[in-house]
Each structure stands twice: as structure tokens, then as C-alpha cells.
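Notes to accompany the following structure.
The values are calculated or read from the model by the stated rules, or taken from the named source; none is laboratory data. Every value quoted in this text rests on a predicted model; they were computed, and no experiment measured them. Positions of Cβ are backbone-derived with ideal geometry, glycine not excepted, and every protein chain shown enters the neighbour counts. We work out accessible area using only protein heavy atoms, side chains counted, and drop any ligands, DNA or RNA first. Shrake-Rupley method; radii C 1.70, N 1.55, O 1.52, S 1.80 Å.
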Amino acid sequence: MADQIREEEPLGITVEAPAVPPTEPARPATRAEEIAAALEDEIVQGELAPGQRLDEQVLGKRFQVSRTPVREALRLLGASGLVTLEPRLGAIVARPTVSEIFDLFELVGEMEAVAARLACERMGDADRERIMATHDACRVAGRSGDAEAYIERNDAFHAAIHIASENRALRDQIQLLNKRLAPYRRFITFRPERKQAAEQEHEVLARALLKGDADAAARAMKEHVKMLADDAFVLARSLRL
């Protein structure tokens, strides 16, 4: 059967992952929310570096708005943890300490493990196909040498697991934490040795998921995220956090 794999078999598959129906927004985004979304994307992509100051006047000119929506946008980013608002300095891109980064990795690891466990218990055929297809795409991207493509496929694989967990609150919290960790995860993931290790970790995780072994899937996911946290030592030395 398609959902039963032998240990020696690869998990390659040619079907495309089923599309996830888009969620219709309840209302149009305000200008402040649009600015916050644009800055959030730049922080997550690493275009705005940790510790970089976000000047209200400069941002106002850039987005062609008054300082009011800029301040609201920075407040929204502050609430999400992506920006810190400091007296006299104003808004700066969050620059957590090594200890704080480890704490975040530890928390997201626990939450990802719960998602993997729930996915084993709740996934349907569409979820199974999505997990198989995104895992295969991630492996191909990892071997291509295209770091940006690998990051995108890696996120899609994890997202497929989150979707299969059928717990929207859990998905939202993981997404929020991953946004805060995104600049550091990107730095770590771009290292060739991390991609090779991640491929092996993904293989163990995918097999456990497709076998429906909830305990093994949770352990594999937790270990996978723990390896990212361990690699944060390299990041700490590089950024001198």
C-alpha cells in the first residue's frame, strides 16, 4: 500500500501536495498593518539585521505616510517580539541573547513535537500526500545547492505537519515563534553540514509520521529542533550575542 513503506525504501513521490484553501481576511489591512507586514518580511528574510534601528522618520518617507501609522506598525511588531521599543533609542530589530534564543528553540521544539504527535493521530489521505510530497521536494532542494529553495521547501514540510495536526491555535503559536527565530534559523540552515544533517533528521521524522508512530514522530521532531538549537552556538560566536 502507498502508506506503508519498508525501511530501505526512499520516500520519493511524484504527486503534488494538495493545495490549502486560502483563508479570507475578515477585513482589509490598515496602512499600519501593511507596513508591519512589510517590515516583518524583511526581518524574517534577514534583510533587517538584529539590533538595527528602525527610524520613524525614515520609514515614514519610505512608505509615504505620517509617523502615526509607522508608530502603530512598530507597536505591532513589538507585540510579536520581532522589534523591541527602547527609551531614547526607539525601535530596533530584536536582538535576543543566546539564552533567549535557546529558550525559544526549546519551546518551539516542544510545540512542534506536539504537532507531530497530533498529525499521526489525525492525518487523512490528503495530509499524508502533502507530507510525502513536501518531504520529497525538501530533499531535492537540499541536494540542489539552492539555499533559498531549501528554506522554502523546509518550511513547507513543517507546515504540512502543522496542518495535519488540525490544531489552529498550535499552528499560530508555532508560526509566531518561528518568525522570531527566522533570522537565526536561516543562518544555521544555510550551512552545508546542517542541510545534510537535516535531511537525515527529516527522513526519520517522515517515516515515523507515515507509519503513524506518534511517539517516534514526536521524538524525531524534538531532536530535529534540538539540533538547530545546538547549532545556535555557531550563530552566537558569529553574531557575538
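Here are a few things to note about the model shown:
- A Cβ distance below 7 Å, combined with a sequence gap of six or more or placement on separate chains, defines the contacts here; from region 119-139, residues that are touching a residue at least 40 places away in the same chain (Cβ under 8 Å) and β-branched (Val, Ile, Thr) reach residues that are part of a helix (DSSP H, G or I) and open to solvent by 20 Å² or more (accessible area, probe 1.4 Å) in the pairs THR134/ARG153; THR134/ALA156.
- Filtered residues of region 164-213 (kept if in contact with a Leu (Cβ under 8 Å, 6 or more places away or on another chain), open to solvent by 70 Å² or more (accessible area, probe 1.4 Å) and modelled with pLDDT under 85): PHE187
- When the residues of region 101-132 are filtered to those that are farther than 19 Å from GLN175 by Cβ and in a helix (DSSP H, G or I), the one that is nearest to the chain's Cα centre (by Cα) is PHE102.
- Pairing each residue of region 62-90 that is at positive phi with any residue that is part of a helix (DSSP H, G or I) and not small (Gly, Ala, Ser), provided the two are 6+ apart or on different chains, yields C-beta distances under 9 Å for GLY81/LEU104; GLY81/LEU176; GLY81/LEU177; GLY81/LYS179; GLY81/ARG180; GLY90/GLU56; GLY90/LEU74.
- Residue that is nearest to GLY46 (Cα to Cα), among those in region 166-184 that are of a type in the set (S, T, N, Q) and part of a helix (DSSP H, G or I): ASN178
- Looking at ILE188, ILE163, just one residue is over 11 Å from the mean Cα position of the chain (by Cα), within 21 Å of PRO50 (Cβ to Cβ) and in a helix (DSSP H, G or I), and that residue is ILE188.
- Criterion: open to solvent by 60 Å² or more (accessible area, probe 1.4 Å), modelled with pLDDT of 95 or more and within 27 Å of ASP172 (Cβ to Cβ) - qualifying residue of GLU72, GLU16: GLU72
- One residue alone among GLU34, GLU42 is part of a helix (DSSP H, G or I), modelled with pLDDT of 90 or more and under 20 Å from GLY90 (Cβ atoms), and that residue is GLU42.
- Subset tally (residues that are surrounded by 14 or more Cβ atoms within 10 Å (Cβ to Cβ), closer than 17 Å to LEU177 by Cβ and not β-branched (Val, Ile, Thr)) for region 77-105: 12
- Residue within region 166-175 that is more than 20 Å from ALA229 (Cβ to Cβ) and touching a Ser or Thr at 6+ places or on another chain (Cβ under 9 Å) present: yes
- Residue within region 138-151 that is modelled with pLDDT of 95 or more and either crowded, with 17+ Cβ neighbours inside 10 Å or within 12 Å of ALA206 (Cα to Cα) (or both) present: no
- The residues of region 41-69 that are over 22 Å from LYS179 (Cβ atoms) and open to solvent by less than 30 Å² (accessible area, probe 1.4 Å) amount to a single one, GLY60.
- Counting the residues of region 152-163 that are under 23 Å from GLY46 (Cβ atoms) and open to solvent by 30 Å² or more (accessible area, probe 1.4 Å) gives 5.
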